[in-house]
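Just below is one structure, and these are the notes that go with it.
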Amino acid sequence: MDVRAGDRLQMKKDHPCGSREFLVLRAGMDFKLRCLGCSREVMVPRRKIEKNIKKIIREGE
């Protein structure tokens, strides 16, 4: 999957705060994501993120 820093991800499951959208801060073997609902930052393995992505939203598109 082509996920880059700066992309917004819409996930299949809600974050505990109720938001489904995350901002990608860093992409690599692990992703650093910021929840757009509560601004909490989390590190998650690539494998887990790629399985739960519903939609990738890019600013230029």
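In segment 8-17, what residues are assigned to a loop (DSSP other than H, G, I, E, B) and open to solvent by 50 Å² or more (accessible area, probe 1.4 Å)? Of everything in segment 8-17, those that are assigned to a loop (DSSP other than H, G, I, E, B) and open to solvent by 50 Å² or more (accessible area, probe 1.4 Å) turn out to be Lys12, Lys13, Asp14, Pro16, Cys17.
Being more than 13 Å from Arg4 (Cβ to Cβ) and of a type in the set (Asp, Glu) is the filter; apply it to segment 18-61 and report the residue that is surrounded by the most Cβ atoms within 10 Å (Cβ to Cβ). Top of the filtered list is Glu21.
The values are calculated or read from the model by the stated rules, or taken from the named source; none is laboratory data. None of these values were measured; they are calculated from a predicted model. Quick reminder, even Gly has a Cβ in these numbers, built from the backbone with ideal geometry, and neighbours come from all protein chains shown. The area values use the complete protein model at the heavy-atom level, side chains included, leaving out ligands, DNA and RNA. Shrake-Rupley method; radii C 1.70, N 1.55, O 1.52, S 1.80 Å.
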